[in-house]
Amino acid sequence: MEVPVVDCDQSIRSDLEIARDIDSALRNVGFMAVRNLGVTPERIVDVFSTAKSFFQCSEQAKQRCAYEAAMENFGYQGIGEESLDPSRPGDLKETFTMRNLLAKRVSAERWPTVEFRQSVSAFYQDALSAAQRLQRLLALALDVPTDYFVNLHGGENITLRLLHYPAVTSDTIDPQQMGAGAHTDYGMLTLLFQDAVGGLQVQSESGTWHDVPPRPDAIVINSGDLLERWSNGRYRSTCHRVLPRQQSTERYSIALFVDPDSDTLVEALPSCVEAGAAALHLPITAGEHLQAKIEATHHA
Ligand SMILES: O=C(O)CCC(=O)C(=O)O
Ligand SMILES: [Fe+2]
């Protein structure tokens, strides 16, 4: 199962052609590597350097910005505090999560530094523009008005997350532990920026795991549970995981979870349900799905 590469360069292809490629990638794999979405390499380098400086701080400094509650979904979580696969022990990663980060909901002292906040905010804005471009292409593929998805994502559940997978030795970890346990993403889309180390894997329908090799020029994008529901199963919310960094180098990645506003009722779109057939799932509000998932995976 290869993750298809999709080029979004509008100067060489029409939106319709790009939308067709996205449609085919999300149908077949649920993951794609997307080039030319408009996030500049400089912006990406800057935010990775911000993430590195933060995770290199002392445990005490990081704990000053500790995550407090799933309802808020903001702050630092240390190694083992989350199991993306709740049947496994805690993930071998540390994270800094920022839901709705431009909304100034949390007080200034819960941010590591002013520079950190500026760097992640600038990155967030660029990554969000890229996400909105994809949402408009998906609206074309799914035959809804251009801004259908953009309008349902005002930001209250859009979440930026910095991730650090430290190098670990096999004698100090539980053999059941993963960098990130097998899971599907909860919302509409995830944009994932990864460094050159690798470790992300996607699962095929037969259960086999396949590497998603890092590409310096592409963003990894996958469809989540709520897009699977909107599309009545046409797009897959593919299970994925990150291997632990055993006896090797550490890894950094950054994810933007593009999740709908809580009161959005997510139900199969007419273009995805055959005439006379029933939809695969009952309608659900985005808020109930997202909150239940977050609460099921957090230990602390
Ligand atoms: O770090 C990665 O490559 C993937 C992380 C991930 O799948 C997630 O946080 O949902
Ligand atoms: Fe994920």
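Of Ser170, Ser248, Ser206, the residue with the greatest mean-square motion in the GNM of the chain, using alpha carbon springs below 10 Å, is Ser206. For Arg64 and Ser24, FRET efficiency with R0 = 35 Å and r from the beta-carbon atoms, rounded to 0.05? Efficiency computed from Cβ-Cβ geometry: 0.15.
Report the gain in length on full extension from Val150 to Lys104: 0.36 nm times residue separation, minus Cα-Cα distance, nm rounded to one decimal.
Values: separation 46, 0.36 × 46 = 16.56 nm, distance 2.10 nm.
Result: 14.5 nm gained on full extension.
The fewest-to-most ranking of Glu72, Glu288, Glu82, Glu42 by surrounding Cβ atoms within 10 Å reads Glu42, Glu288, Glu72, Glu82. For the chain, a Gaussian network of Cα nodes joined below 10 Å ranks Ala70, Ala25, Ala275 by mean-square fluctuation, and the top entry is Ala275. With contacts taken as Cα pairs under 8 Å and at least 6 residues apart, segment 5-297 reaches a relative contact order of 23 percent. Convex hull volume of the C-alpha atoms in segment 1-121, normalised per residue: 170 Å³. Once divided by 2.2 N^0.38 Å, the Cα radius of gyration of segment 210-278 becomes 1.52. Our compactness index for segment 5-297, the C-alpha radius of gyration over the empirical 2.2 N^0.38 Å, is 0.97. Residue order for Lys104, Lys93, Lys293, Lys52, fewest other beta carbons within 10 angstrom first, comes to Lys104, Lys52, Lys293, Lys93.
Here the contact order of segment 143-300, divided by its residue count and restricted to Cα pairs under 8 Å and six or more residues apart, works out to 33 percent.
Distance between the 7 Å Cα→Cβ label points at Asp174 and Val114: 4.3 nm.
Quick note: the coordinates plus some simple rules give every number you see, no bench work behind them. This structure is a prediction, so every number in the text was calculated from the model and none was measured. As a convention, Cβ positions derive from the backbone with ideal geometry for all residues, glycine included, and neighbour counts pool all protein chains shown.
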